[in-house]
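Participant: Following this message is one structure expressed as structure tokens.
The values are calculated or read from the model by the stated rules, or taken from the named source; none is laboratory data. All values reported here derive from a predicted model rather than from experimental measurement. Virtual Cβ from ideal backbone geometry, glycine too; neighbours counted across all protein chains shown. For accessibility, only protein heavy atoms count, side chains too; no ligands or nucleic acids. Shrake-Rupley method; radii C 1.70, N 1.55, O 1.52, S 1.80 Å.
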Amino acid sequence: MKGITSSRMKAIDENCEHLGLKGLQLMENAGAAIAHEVKERIQKGNVLIVAGRGNNGGDAFVAARHLAYDPAITVNIALIGSASGIRTQNSMHNFTLLEHCRIEGFIEITDPQKLKATGWLDDADMIVDALLGTGITGKVRETEATVIDLINDSKAPVVAVDVPSGFDPEGGEFDRSVRADVTLTFHRMKKGLASDHAKEYTSEVKVINIGVCEDAEIYVGKGDIAAFQTRRRDSHKGQHGRMLIIGGGPYSGAPALTAMAALRTGADIVTVAAPANVADIIASFSPNIIVKALSSNILCEKDIDTVAKLIEGHDVVVMGMGLGRDERTKDTVSKIVPLCKKVVVDADGLYGIALPVPEDIEMVITPHAREFTALGGNGKEDALEFSKKNNVTVLLKGREDHISNGERIAINHTGNPGMTVGGTGDVLAGIAGALFAIAPAMDAACGAAYINGAAGDLAFERRGHGLLATDIIDMITEVMK
Ligand SMILES: NC(=O)C1=CN([C@@H]2O[C@H](COP(=O)(O)OP(=O)(O)OC[C@H]3O[C@@H](n4cnc5c(N)ncnc54)[C@H](O)[C@@H]3O)[C@@H](O)[C@H]2O)[C@@H](O)CC1
Ligand SMILES: [K+]
């Protein structure tokens, strides 16, 4: 069973919130399921809840409330850190409710020895491990590290909440982890829990339905762009994407639109490699665009060395807009693809690519229905099948956009009929490239479809059916605020 990443889970949670399903409701279901599991395993006795200060701990506070109502069960709670340090509203809400419940003992732990001294670890018939969930970052720090060791030293069986604390939900290296007797993970299997080495820490993994709305998963929503809306304070130049556009020749506006859209999406550096006849025109659109002139009036084989050097200095290539369909250009496009690690192909570029895409290249394509058909995707074959068969992430544009990486399909509903004007596809490719420079292909394609459509909807509010591609670019920052 394949699992999902923590960021994907976060996006689903946030989409639920925007649909009106509160995180508090999901937390209630998660906590109730933990309590249910504990009671399945012990009918009476002492339960020790070890909680951290994030939502993972919040789930356990809910479980504590449910368990404390049972007269046969005694609940002790060890909170790592202090109550004032509880980081989320939902967790704090559920913590506060415990004042009105029959909790036997409560202690704030800043020194792990204090937990040892309570004797709770020895007396427990069951431990609920809710120190760290999908919010873990980096190596486990103190006090948590020693508390994990203490839980592992205890003889009591352990129910892990979402993931065993310390375990990397993404499947990467980790320093230490709780060894659980059962792991209750919420909504979907997490990527790390599905890995080969996981079982030693998780034992049996039960995937618990916590009532997520299906639409939050199928439709692209605000949650899908949340990860692109924040930046670390210590960010440095270039860290948010260097993008190379290969476009222009017969046309000059298209690559300029792509470049401006990418910059407004947050790309740090955007370079356009364009045929000599249009290079100066593209540069004249904006001083923010770096332009490199190619050898002649169309992209051709002579340009490959220049392009290869440029590719090395960029995270992602976006290719196709305004290139035209000269046979020499199509042939050159096909020779450039193998030089790329990450590439978005749009418009005329789609006529130069060979499918399936080799394993070591990550490609996003952004065809409309006619281009999709030209690539061999027939109307009946949906984006999912096509994507799987051809090792490519597809963003199939239409009244609703269908996006797939061969594993799942997402549908985007933002956008409006005003966006049939020329240039909107170039804008979309620019947004997709900027996001792909810093994120996995599927996340980038979903985010781009949403942002492009939502910016188009804002442009429509102001301009109606007379909206222009440049109006959409102007609205990108509003959507991403
Ligand atoms: N709507 C939602 O967001 C839902 C979230 N759920 C729960 O929420 C969890 C995720 O919650 P959060 O994002 O608040 O994160 P967590 O509760 O997993 O962890 C965050 C806390 O851990 C600390 N921390 C992070 N890395 C650390 C390290 N290496 N060493 C020591 N401390 C560290 C942080 O300072 C923070 O206090 C899930 O695992 C799940 O249990 C569930 O309630 C279901 C609904
Ligand atoms: K946990």
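Participant: Do we have any residue at all in region 109-125 that's touching a Gly at 6+ places or on another chain (Cβ under 9 Å), part of a loop (DSSP other than H, G, I, E, B), of a type in the set (Val, Ile, Thr) and within 10 Å of ligand 1 (Cβ to nearest atom)?
Facilitator: So far as region 109-125 goes, no, none of its residues is touching a Gly at 6+ places or on another chain (Cβ under 9 Å), part of a loop (DSSP other than H, G, I, E, B), of a type in the set (Val, Ile, Thr) and within 10 Å of ligand 1 (Cβ to nearest atom).
Participant: Where residues in region 29-43 are without any contact (Cβ under 8 Å) to a residue 60 or more places away in the chain and surrounded by fewer than 21 Cβ atoms within 10 Å (Cβ to Cβ), which of them is nearest to ligand 1 (Cβ to nearest atom)?
Facilitator: 32
Participant: I'm trying to understand the selection: among the residues of region 7-36, which are acidic (Asp, Glu) and over 29 Å from residue 142 (Cα atoms)?
Facilitator: The answer is 14, 17.
Participant: For region 46-87, how many residues meet the condition of being surrounded by 23 or more Cβ atoms within 10 Å (Cβ to Cβ), more than 16 Å from ligand 2 (Cβ to nearest atom) and assigned to a helix (DSSP H, G or I)?
Facilitator: Adding up the residues that qualify gives 1.
Participant: Going residue by residue through region 192-208, is there one that turns out to be in a loop (DSSP other than H, G, I, E, B), open to solvent by 40 Å² or more (accessible area, probe 1.4 Å) and either more than 15 Å from ligand 2 (Cβ to nearest atom) or touching a Gly at 6+ places or on another chain (Cβ under 7 Å) (or both)?
Facilitator: no
Participant: Ok, one more. Restricting region 240-265 to residues that are part of a helix (DSSP H, G or I) and among the β-branched types (Val, Ile, Thr), which is least open to solvent (accessible area, probe 1.4 Å)?
Facilitator: Among residues in region 240-265 that are part of a helix (DSSP H, G or I) and among the β-branched types (Val, Ile, Thr), the one least open to solvent (accessible area, probe 1.4 Å) is 258.
Participant: Of the conditions (1) surrounded by 23 or more Cβ atoms within 10 Å (Cβ to Cβ); (2) small (Gly, Ala, Ser); (3) out of contact with any Pro (no Cβ under 9 Å at 6 or more places or on another chain), residue 276 fails just one. Which one is it?
Facilitator: Of (1) surrounded by 23 or more Cβ atoms within 10 Å (Cβ to Cβ); (2) small (Gly, Ala, Ser); (3) out of contact with any Pro (no Cβ under 9 Å at 6 or more places or on another chain), only one is false for residue 276: (1).
Participant: Answer yes or no as to whether residue 236 is in a helix (DSSP H, G or I), free of Cβ contacts under 8 Å to residues at least 24 places away in the same chain and over 27 Å from residue 384 (Cα atoms).
Facilitator: It is false that residue 236 is in a helix (DSSP H, G or I), free of Cβ contacts under 8 Å to residues at least 24 places away in the same chain and over 27 Å from residue 384 (Cα atoms).
Participant: Taking the condition of being open to solvent by 10 Å² or more (accessible area, probe 1.4 Å), assigned to a loop (DSSP other than H, G, I, E, B) and of a type outside the set (Lys, Arg), how many residues in region 369-405 meet it?
Facilitator: Qualifying residue count for the region: 10.
Participant: Here are 329, 306: which of them is open to solvent by 10 Å² or more (accessible area, probe 1.4 Å), part of a helix (DSSP H, G or I) and among the hydroxyl-bearing types (Ser, Thr, Tyr)? Step through it out loud before you land on a result.
Facilitator: Working: 329 fails: open to solvent by 10 Å² or more (accessible area, probe 1.4 Å).
Sole residue among the options that is open to solvent by 10 Å² or more (accessible area, probe 1.4 Å), part of a helix (DSSP H, G or I) and among the hydroxyl-bearing types (Ser, Thr, Tyr): 306.
Participant: I've got another one for you. If residue 118 satisfies all but one of (1) within 14 Å of ligand 2 (Cβ to nearest atom); (2) farther than 26 Å from residue 29 by Cβ; (3) of a type in the set (Val, Ile, Thr), what's the number of the condition it fails?
Facilitator: Condition not satisfied by residue 118: (1).
Okay, residues lined up against (1) within 12 Å of ligand 1 (Cβ to nearest atom); (2) open to solvent by 30 Å² or more (accessible area, probe 1.4 Å); (3) assigned to a loop (DSSP other than H, G, I, E, B):
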| position | (1), (2), (3) |
| --- | --- |
| 127 | no, no, no |
| 133 | yes, no, yes |
| 138 | yes, yes, yes |
| 142 | yes, yes, yes |
| 150 | no, no, no |
| 156 | no, no, yes |
| 160 | yes, no, no |
| 164 | yes, no, yes |
| 167 | yes, no, yes |
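Participant: Take the residues in region 436-459 that are in a helix (DSSP H, G or I) and more than 19 Å from residue 260 (Cα to Cα); name whichever of them is most open to solvent (accessible area, probe 1.4 Å).
Facilitator: This residue is 443.
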